[in-house]
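See below for the structure under consideration.
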Amino acid sequence: MTRNSFPDLFASSPCILGEGAVIERLRRNSGLELDPHLVNSAFIYAAETRIALESICREYLDIGRDFGLPLLVSTPTWRASRDRIAAAGYAGVDVNGDNARFLETLRNSYGDYASKIIICGLLSCRGDAYSPGEALDVAVAREYHAWQADQLAVSEVDVLLAATLPAISEATGLALALATTGKPYLVSFIARPAGTLLDGTPLKDAIATIDAAASPRPFAYMINCTHASFARAALLHPDNSSPLVRRRIVGLLANTAALSPEELDENASLVEEAPATFGSMVAALHDDLGLKILGGCCGTDDRHISALAAQLTREKPAMHKNRG
């Protein structure tokens, strides 16, 4: 089957649905244990964990298919850097490529809908995504992330995604590493309502810095791990945002909790938002600010993504349950 490139599908689609939480849902499954180094990247290598991972992925894929929306899914490679792979005992194993092939197999099982499924090769910062003080400087980040970027770029992924980034230095280094791969790539920040990254960099400065440093520059930017109300406030901030920011930031993968990263870190229990509330708040960013890629992050599951898809297509959430 001939597939559109990510840039072509992006240009031709009014909106693209993003998946919801994966790692967090696996963490809440008391029968599973996340790897301290790789998190869920090695789940594909054992039957029980692969089934659990596939089940969550298929929930999101089914929602996208049932509502007829293009769907963006990410490889389970959030922590699959070379040093973490070695520390977990998988040195020499193509963890990034194997996870891309895992999603490619799922995609191929969806018949005609497969042409609307976008596979992102996922990377993130080396340290704690909620701790900007741990961020690598630009040169070190470029060298550190280049290996994983190259591993993902030669796999079946359609686009590369550097996500959950708290600081401009490591985000810039990541962009430089991704720019050399020949793949289109996205850079996604955690944003505060004041229109800054967690390290205090204004969004308008972050985007200007990376666009000037990386060649080719990112295809676009996103915000993730941020509540919809925080993202709205950030994008509309009179000083730290700008019309350019609102053109270059094209999507949000939203949390269900209107809490800061510091508050989320200290909260031992899951803070959920009603799926209908989540769906309407996130979809409103498409209507009001033109965001095109919309999905979920912390606290979300299939209910939230179904409610969002219903809002984006102006259908009722119950319609998803009634389709075969």
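Heavy atoms of the protein chains alone define the surface here; on that basis the chain has 39 Å² accessible area per residue at 1.4 Å probe size.
Is the shape of the range 80-132 best called rounded, prolate or oblate, per the rule: a/c under 1.5 gives rounded, else a/b larger than b/c gives prolate, else oblate, with a ≥ b ≥ c the square roots of the Cα gyration tensor eigenvalues?
Oblate shape, in that a/c is at least 1.5 and b/c is the bigger or equal ratio.
Distance from the alpha carbon centroid of the range 163-196 to that of the range 8-33 works out to 19 angstrom. With the cut-off at under 11 Å, measuring from each backbone N in the range 45-69 to a point 7 Å along the Cα-to-Cβ line of Thr105 picks out 45-47, 50-51, 54. Each Cα pair under 8 Å and six or more residues apart adds its sequence gap; the mean of these over the residue count of the chain is a relative contact order of 18 percent. Residues of the range 144-170 falling in the label zone of Arg82, defined by backbone nitrogen less than 18 Å from a point 7 Å along Cα to beta-carbon, are 144-155.
Is the shape of the chain best called rounded, prolate or oblate, per the rule: a/c under 1.5 gives rounded, else a/b larger than b/c gives prolate, else oblate, with a ≥ b ≥ c the square roots of the Cα gyration tensor eigenvalues? Write out the running numbers ahead of the final one.
Numbers: a/c = 1.27, a/b = 1.04, b/c = 1.23.
Here the chain falls in the rounded category.
Once the C-beta distance of Arg58 and Val271 is scaled by a Förster radius of 25 Å, the resulting FRET efficiency is 0.45 to the nearest 0.05.
With the whole protein complex present, His237 retains an accessible surface near 40 Å², based on a 1.4 Å probe. In the context of the full protein assembly, Asp8 retains an accessible surface of approximately 90 Å², using a probe radius of 1.4 Å and ignoring ligands and nucleic acids. By its C-alpha gyration tensor, with a ≥ b ≥ c as the square roots of the eigenvalues, how is the range 1-140 shaped: rounded for a/c under 1.5, else prolate for a/b larger than b/c, else oblate? It is prolate, given that a/c is not under 1.5 and a/b is the larger ratio.
Ordered by solvent-accessible area of protein heavy atoms (1.4 Å probe), largest first, the residues Ser242, Ser188, Ser229 come out as Ser229, Ser242, Ser188.
Heavy atoms only, probe 1.4 Å: what % of the accessible area of the chain goes to carbon and sulfur, would you let me know?
Details: 6410 of 12530 Å².
Roughly 51 percent of what the probe reaches on the chain is carbon or sulfur.
Net charge in the neighbourhood of Ser115 (other residues with Cβ under 10 Å of its Cβ; Lys, Arg +1, Asp, Glu -1) is +2.
Rolling a 1.4 angstrom probe over the protein chains, ignoring ligands and nucleic acids, what is the accessible area of Asp302 in square angstrom, nearest 10? Rounded to the nearest 10, the figure is 40 Å². With the helix formula -39500 (n - 2.57) applied to DSSP H stretches of n ≥ 4, the chain reaches a computed 222 nm mean residue ellipticity of -13500 deg cm²/dmol. Across the protein chains, with a 1.4 Å probe defining accessible surface, the residues Leu53, Leu312 rank Leu312, Leu53 from largest area downward. Using the Cβ-Cβ distance between Ala47 and Ala139 with R0 set to 41 Å, the FRET efficiency from 1/(1 + (r/R0)^6) comes to roughly 0.45. Result for the chain in a Gaussian network model with C-alpha springs under 10 Å: among Ala87, Ala100, Ala42, the largest mean-square fluctuation is at Ala87.
The values are calculated or read from the model by the stated rules, or taken from the named source; none is laboratory data. This structure is a prediction, so every number in the text was calculated from the model and none was measured. As a convention, Cβ positions derive from the backbone with ideal geometry for all residues, glycine included, and neighbour counts pool all protein chains shown. Ligands, DNA and RNA are excluded from the accessible area calculation, which covers all protein heavy atoms including side chains. Shrake-Rupley method; radii C 1.70, N 1.55, O 1.52, S 1.80 Å.
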